[in-house]
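Here the structure is laid out as structure tokens; the discussion comes afterwards.
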Amino acid sequence: MKTFVTAKKSLGQHWLNDEPTLSYIAKTAIVDPADTILEIGPGQGSLTKHLVQRAKKVVAVELDKELANSLPARVLSDRLEVVQGDILKFDLDRLPKGYKVVANIPYYLTGHLLKLLTGASNPPAAMTLLLQKEVAQRVAAHPGKMSIIAVSVQLKYSVLLGRVIHAEFFSPPPKVDSQVLILKRHRKPLFAKLDEKRYFQVVKAGFSAPRKMLRGNLAGGLGMSKHAADDLLNAAEINGSLRAEALSLEQWHRLYIQYRAKSDLHSLL
């Protein structure tokens, strides 16, 4: 069935129908015959039909009821399970451990979805995502151009940028280009016994005013004097005049260790 369905702007729908690009995404995802794939927003099933040829099972979660209902007829495969619903409310624990995610994500959903997937109790082993080019590059940034989303994702996953997909390959064309982002979960935690809540308390404080210096941001965000913030930074061997974007994950971890030690000492006094 190839009945055309008009893309809905309210759901951020942009159909990707270029076969070489779809094949590239499916190959980049490194889908094995034993894999369960979670596809988010399958739309008309253009990518889905590539995935069912490679995977043991594809669980396709589609918010649009019309598209969800028509997908089984568009992609004839006993390897396909279609779930009509909101991916942000989908129970990831129902999927087998080690599942992978492949998706052309609506731009408006990117931040929420990355937070959901990377922080899940049953996280994906790998993700191959087609995102807005600017966002993909933010996630893959190195120290000097880091952001909270880069710190959050890179704490759990190695990040690799794939091919840029130009807007003209979509229907209707979006206003910006997209890029493939490949994420592979670290086999073991980067930092042992990490209290993520406290770690990100420090990170969020550092990024509270991204264009300002760490010293002031940490003081305001962590409720301490600038003198105390300087002591914290000096103990972690970090220049307080830097901006948060300059720090590596290892430097954030050093700051967290010093903050945790001072907080634990304070609680004993």
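The values are calculated or read from the model by the stated rules, or taken from the named source; none is laboratory data. Keep in mind the model is a prediction, meaning the values are calculated, not measured. A quick note on method: Cβ atoms are made from the backbone with ideal geometry, for glycine too, and the neighbour counts reach across all protein chains shown.
Given the options Ala150, Ala126, Ala140, name the one that is under 21 Å from Glu39 (Cβ atoms) and under 11 Å from the mean Cα position of the chain (by Cα).
Step by step, each of Ala150, Ala126, Ala140 is checked, and only Ala126 is under 21 Å from Glu39 (Cβ atoms) and under 11 Å from the mean Cα position of the chain (by Cα).
Taking the stretch 181-221 on its own, how many of its residues are among the acidic types (Asp, Glu) and touching a Lys or Arg at 6+ places or on another chain (Cβ under 9 Å)? Show your work before the answer.
Of the residues in the stretch 181-221, the ones among the acidic types (Asp, Glu) are 195-196.
Then keep just the ones that are touching a Lys or Arg at 6+ places or on another chain (Cβ under 9 Å); that gives 195.
So the answer is 1.
I'd like the full set of residues that are among the aromatic types (Phe, Trp, Tyr) and in contact (Cβ under 8 Å) with a residue 60 or more places away in the chain, limited to the stretch 78-109.
Scanning the stretch 78-109 gives Tyr99, Tyr107, Tyr108.
With a cut-off of at least 2 residues that are aromatic (Phe, Trp, Tyr) and either assigned by TED's automatic domain parsing to the domain that holds Ser147 or in contact with a helix residue (DSSP H, G or I) (Cβ under 9 Å, 6 or more places away or on another chain) (or both), name the helices (runs of 4 or more DSSP H) lying wholly within the stretch 190-246.
In the stretch 190-246, the matching helices (runs of 4 or more DSSP H) lie at 196-206.
Are there any pairs, at least 6 apart or on different chains, whose C-beta atoms fall under 7 Å, with the first in the stretch 110-130 and over 15 Å from Ile149 (Cα atoms) and the second surrounded by fewer than 18 Cβ atoms within 10 Å (Cβ to Cβ) and not basic (Lys, Arg), and if so, which?
Short answer, once both residue conditions are applied: Ala120/Leu92; Ser121/Asp93; Asn122/Leu92; Asn122/Asp93; Ala125/Gly98; Thr128/Thr28.
Step by step: first the residues of the stretch 1-42, then only those that are surrounded by 12 or more Cβ atoms within 10 Å (Cβ to Cβ), among the β-branched types (Val, Ile, Thr) and part of a loop (DSSP other than H, G, I, E, B), then the one that is modelled with the lowest pLDDT. Which residue is that?
Of everything passing the filter in the stretch 1-42, Val5 is modelled with the lowest pLDDT.
I'd like the full set of residues that are touching an Asp or Glu at 6+ places or on another chain (Cβ under 7 Å) and among the β-branched types (Val, Ile, Thr), limited to the stretch 150-175.
Val164, Ile165
Do we have any residue at all in the stretch 205-226 that's farther than 22 Å from Ala150 by Cβ and polar (S, T, N, Q)?
Taking every residue of the stretch 205-226 in turn, at least one turns out to be farther than 22 Å from Ala150 by Cβ and polar (S, T, N, Q).
I want to confirm something. Restricting to the stretch 175-201 and keeping residues that are surrounded by fewer than 15 Cβ atoms within 10 Å (Cβ to Cβ) and more than 27 Å from Leu247 (Cα to Cα), which single residue is nearest to the chain's Cα centre (by Cα)?
Val176
Please work out if Arg211 is touching a Phe, Trp or Tyr at 6+ places or on another chain (Cβ under 8 Å) and charged (D, E, K, R).
Details: touching a Phe, Trp or Tyr at 6+ places or on another chain (Cβ under 8 Å): no; charged (D, E, K, R): yes.
Taking the combined requirement at face value, the residue does not satisfy it.
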